[in-house]
Amino acid sequence: MTLSRSMRTCLHSGRLALLAILVSSGIVLQILACALYNNWWPMLTVIMYLLLPMPLMFFLGSNSPSMMSNEGDGWVNFTKFLTGASVVGSIAIPSILKHAGVIGWGALTMELSSFVVFGIAILWLIQMNGEDEYSSVF
């Protein structure tokens with residue numbers, strides 16, 4: 001069963017809207033983790049969220065292999081390392097703050113749930129980009 005072009009566009013727009021809602025809810029959880037407990041130290045995690053896409057944008061060109069493949073040159077491996085370090089930092093910063101007694105369990109839970117929501121959004125974006133719906137239309 002093939003869908004019409006307008007139906008596919010509508011479904012794709014709906015998926016983009018849900019993706020935007022996911023990212024927005026991740027941001028809201030991040031801010032609530034700070035505002036509800038009147039402690040703004042968990043905002044350090046935002047640095048990692050800002051640094052996370054940078055290696056992908058700078059070092060991974062369009063003619064290089066995918067991030068999921070084992071092959072690649074030194075720049076691809078360096079990109080994978082920096083991305084992994086940013087992901088670990090996104091989990092480690094709130095955990096260290098909790099261990100040091102700077103934040104409480106509630107803020108830690110909201111920070112980690114914000115990380116999970118952002119992770120789901122990124123995985124969904126990768127899956128949506130892999131479908132390539134519009135290339136068959138033209």
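The values are calculated or read from the model by the stated rules, or taken from the named source; none is laboratory data. None of these values were measured; they are calculated from a predicted model. Areas reflect the complete protein model, heavy atoms only, side chains present, ligands, DNA and RNA absent. Shrake-Rupley method; radii C 1.70, N 1.55, O 1.52, S 1.80 Å.
With the other protein chains left in place, how much accessible area per residue, in square angstrom, belongs to region 16-57 at a 1.4 angstrom probe?
In whole numbers, region 16-57 has 61 Å² accessible per residue.
Taking θ as phi - 60°, what are the ³J(HN,Hα) couplings along region 89-96 by the Karplus curve (6.51, -1.76, 1.60), each to the nearest whole Hz, with x for Gly and Pro?
Here the 3J(HN,Hα) series is x, 5, 8, 6, 4, x, 5, 5 Hz.
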